[in-house]
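Encoded as structure tokens, the structure appears first; notes follow it.
Bear in mind that the values in this text are calculations on the coordinates, not laboratory data. If you're wondering where the values come from, they're calculated on a predicted model, not measured in any experiment. Glycine gets a Cβ as well: all are built from the backbone with ideal geometry, and neighbour counts include every protein chain shown.
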Amino acid sequence: MTGFKPRVTRDIRPRPTRLFRHNRTVQERIARRSLRVARQQLLRKRSVYLLPNAFTTAALFCGFFAVVQAMNGRFEISAIAIFVAMVLDGMDGRVARMTHTQSAFGEQFDSLSDMVSFGVAPALVIYEWALKDLGRWGWLAAFIYCAGAALRLARFNTNIGVADNRYFQGLPSPAAAALIAGFLWLATDNRVPLKLNYLPWIAFCLTIYAGITMVSNAPFYSGKALDVRHRVPFAAVLLVVVVFVLVSSDPPLILFCLFIMYGLSGYVLWIKQAISYKFNLARTHNIANLSDHELK
């Protein structure tokens with residue numbers, strides 16, 4: 001009979017306890033949660049939102065496409081491309097607000113896209129079409145417009161969260177570009193010959209007006225206070241239908257007239273506010289004098 005094998009004594013040493021979730025201390029849980037939040041913030045800073053930036057990229061492409069078509073002598077296509085860029089620029093901000101995808105990267109990218117589509121592109125297009133025949137005065141007018149657009153965008157970026165959301169300070173750069181593109185589109189659609197002596201000077205005055213109005217302090221209605229999710233009267237829907245019918249009947253003429261009225265509305269509102277301020281100031285002064293007389 002064979003003997004039993006001796007029992008091998010195992011090394012009994014305390015094993016390190018694994019940090020299961022129920023064994024972690026409160027400090028460890030807070031540290032891991034803070035690390036997770038910091039990692040998510042870092043990924044959010046390095047990543048960008050696709051949907052609103054896709055609209056911004058499309059608007060940038062339209063501005064570049066307008067310049068290329070103007071170099072090839074297709075000015076009507078250039079004007080239409082600027083209008084398409086304006087529509088896309090209005091959509092990217094609303095899409096970002098509706099989907100809660102606003103970001104600092106999107107704001108800077110949108111400003112750079114606006115500078116190309118509504119600053120550089122209209123100036124070069126109108127210069128190639130009519131202003132180059134004026135020589136030095138032509139490129140000076142184009143530069144004034146381009147500089148006005150750059151100053152307008154820089155002031156807008158610094159006044160975010162400070163200025164009144166109901167009004168723009170100065171003519172918005174998309175509306176200024178629509179003035180230039182609308183005039184060009186109207187002239188080319190009606191086949192107005194450039195040989196007319198007054199046509200380049202009309203383009204000169206319109207370009208100077210748009211560039212100076214962008215850096216003015218005239219208030220222009222922004223439309224940001226309009227919430228499309230709220231109920232509106234039936235007359236508002238009927239008005240939208242009428243506008244679509246008018247624009248479809250003659251797009252160059254109707255769009256140019258609409259933006260001419262918008263480009264003048266800021267100065268009208270500015271004069272109205274100045275008159276109202278002087279009237280209220282005089283009324284306050286008279287009430288103060290009357291109160292002093294009654295006290296005596």
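Using the average count of surrounding beta-carbon atoms within 10 Å as a protection proxy, the listed peptides 96-108, 127-139 rank, highest first, as 127-139, 96-108. The Val87 and Leu35 beta-carbon pair, evaluated with R₀ = 51 Å, returns a calculated FRET efficiency of approximately 0.70. You can think of it this way: the chain between Leu253 and Arg283 has 6.4 nm of extra reach, that is 0.36 nm per residue less the Cα-Cα gap. Summarising the amide proton neighbourhood of Tyr221: residues at separation of 5 or more, or on other chains, whose placed amide H is nearer than 5 Å comprise Phe168. Dipole check for the range 63-148: with +1 at the C-beta of Lys and Arg, -1 at the C-beta of Asp and Glu, and the Cα centre as origin, the magnitude is about 100 Debye.
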